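Student: One structure, pasted below without further comment.
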Amino acid sequence: MNKVAFIGGGNMASAIIGGMIASGWAPSRITVVDPNTDQRDCLSVQHGVATTGDVADATASDVIVLAVKPQVIAAVAKQMDVDLSDKLILSIAAGVTIASLEGLFGPVAIARTMPNTPALFGLGATGLYVNDRASEAQRVAAKGIIEAFGICVTVAREDLLDAVTAVSGSGPAYYFLMIEEMIRAGTALGLPSEDAKALTLQTALGAATMATKGDAPEVLRARVTSPNGTTHAAIVSMREDGFGDVVAKAMTACRDRAVELGKAER
């Protein structure tokens, strides 16, 4: 895939572009379409990419990334009234199904993704589903673009993107809530709030880093949980209060809501 065009130049698009360039993409291969002149100028200065206000210009690229709000996509499609049969449409719009996109853009190769907000820092965890019309080269291109801002997991069925939403799409908020509660509890135990915050944030970072180094989470947990020790007391308390059930119930509710929203979009 030689050229990529982004429809929409917001924060997520900028993060993806930054990751692509950092991973070796030449800015000359990237174009951004955005109606806002100031935003175009900012992207041009920041990334050195070409910018335009004309959606039709995006059709000169091999991959067209839909980085706009779902309600804007129909208007975008009307401005791209050309043969797109040799293009790959890569959508990062939440809840917009492959069927809906095919209805707007025709029978073309489409990749639907579910990124999360840490992608803004190059730490994204993204689910990807590609329709049957995509070639192997297009599949590789879609995954390569996503991996420029984090990890990519390809799912076998489109409906599994709802499970991705429950795990990683909404997942950062679960950790933020845990961080909030740990800071609150640490303060209640007598620590100054800033100290509780600093200790909690560094602990979260350290634990996440350790969990990415190869050993399974249950192994890491066992290593720091001495029998009848302090950590053991905390883990027992969490389990007695149904911590695992709380997490599973919350993630199922998230998945179910994603399904509902997808049906409403259709």
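Student: Filter region 144-163 for residues that are among the aliphatic types (A, V, I, L, M) and either part of a helix (DSSP H, G or I) or over 15 Å from the mean Cα position of the chain (by Cα) (or both); which is farthest from A258 (Cα to Cα)?
Tutor: Residue satisfying both the conditions and the ranking: I145.
Student: Next question. When you go through (1) touching a Leu at 6+ places or on another chain (Cβ under 8 Å); (2) crowded, with 17+ Cβ neighbours inside 10 Å one by one for V167, which number turns out not to apply?
Tutor: (1)
Student: Here are A134, A74, A141, A58: which of them is over 19 Å from M12 (Cα atoms), in the same structural domain as S23 (by TED's automatic domain parsing), hydrophobic (A, V, I, L, M, F, W, C) and assigned to a helix (DSSP H, G or I)? I'd like the intermediate steps shown before the answer.
Tutor: On the way: A134 fails: assigned to a helix (DSSP H, G or I); A141 fails: over 19 Å from M12 (Cα atoms); A58 fails: over 19 Å from M12 (Cα atoms).
Matching residue, one of A134, A74, A141, A58: A74.
Student: Looking only at region 91-100, filter to residues that are over 18 Å from S61 (Cα atoms) and not hydroxyl-bearing (S, T, Y); which one of those is surrounded by the fewest Cβ atoms within 10 Å (Cβ to Cβ)?
Tutor: Among those that are over 18 Å from S61 (Cα atoms) and not hydroxyl-bearing (S, T, Y), it is A99.
Student: Right, another one. Of these, R255, R221, which one is closer than 30 Å to I73 by Cβ and either in contact (Cβ under 8 Å) with a residue 12 or more places away in the chain or touching a Leu at 6+ places or on another chain (Cβ under 9 Å) (or both)?
Tutor: R255
Student: I need the full set of residues from region 180-196 which are of a type in the set (G, A, S) and loosely packed, with under 11 Cβ neighbours inside 10 Å, in order please.
Tutor: Residues satisfying the conditions are A188, G190.
Student: Would a scan of region 66-89 turn up a residue that is surrounded by 16 or more Cβ atoms within 10 Å (Cβ to Cβ), touching a helix residue (DSSP H, G or I) at 6+ places or on another chain (Cβ under 6 Å), farther than 18 Å from T31 by Cα and of a type outside the set (S, T, Y)?
Tutor: no
Student: What number goes with the only condition from (1) surrounded by fewer than 19 Cβ atoms within 10 Å (Cβ to Cβ); (2) closer than 14 Å to A15 by Cβ; (3) touching a Cys at 6+ places or on another chain (Cβ under 9 Å) that G124 does not pass?
Tutor: Among (1) surrounded by fewer than 19 Cβ atoms within 10 Å (Cβ to Cβ); (2) closer than 14 Å to A15 by Cβ; (3) touching a Cys at 6+ places or on another chain (Cβ under 9 Å), the lone unmet condition for G124 is (1).
Student: Another question, then. Sort out which residues of region 91-110 are β-branched (V, I, T) and part of a helix (DSSP H, G or I), and write them in order of number.
Tutor: The first filter runs over region 91-110 and keeps only residues β-branched (V, I, T), leaving 92, 96-98, 108, 110.
I98 - this is the single residue of region 91-110 that is β-branched (V, I, T) and part of a helix (DSSP H, G or I).
Student: How about region 195-217: which of its residues are under 30 Å from the mean Cα position of the chain (by Cα), modelled with pLDDT of 95 or more and of a type in the set (D, E, K, R)?
Tutor: Matches in region 195-217: K197 only.
Student: Filter region 127-141 down to residues that are touching a Cys at 6+ places or on another chain (Cβ under 8 Å) and among the aromatic types (F, W, Y), then give me how many there are.
Tutor: So the answer is 0.
Student: Residues being assigned to a helix (DSSP H, G or I) and within 19 Å of L84 (Cβ to Cβ): count how many of those fall in region 30-55.
Tutor: Within region 30-55, the first condition is being assigned to a helix (DSSP H, G or I), and the residues that meet it are 37-47, 55.
Filter once more, so that each one left must be within 19 Å of L84 (Cβ to Cβ): 55.
Qualifying residue count, region 30-55: 1.
Student: When you go through A166, A173 one by one, which is the residue that is more than 15 Å from L66 (Cα to Cα), in contact (Cβ under 8 Å) with a residue 60 or more places away in the chain and in a helix (DSSP H, G or I)?
Tutor: A166
Student: Now for a separate question. Please work out if L191 is over 30 Å from E158 (Cα atoms) and outside any helix (DSSP H, G or I).
Tutor: yes
The values are calculated or read from the model by the stated rules, or taken from the named source; none is laboratory data. Worth saying up front: this structure is predicted, and the values here are computed from it rather than measured. A quick note on method: Cβ atoms are made from the backbone with ideal geometry, for glycine too, and the neighbour counts reach across all protein chains shown.
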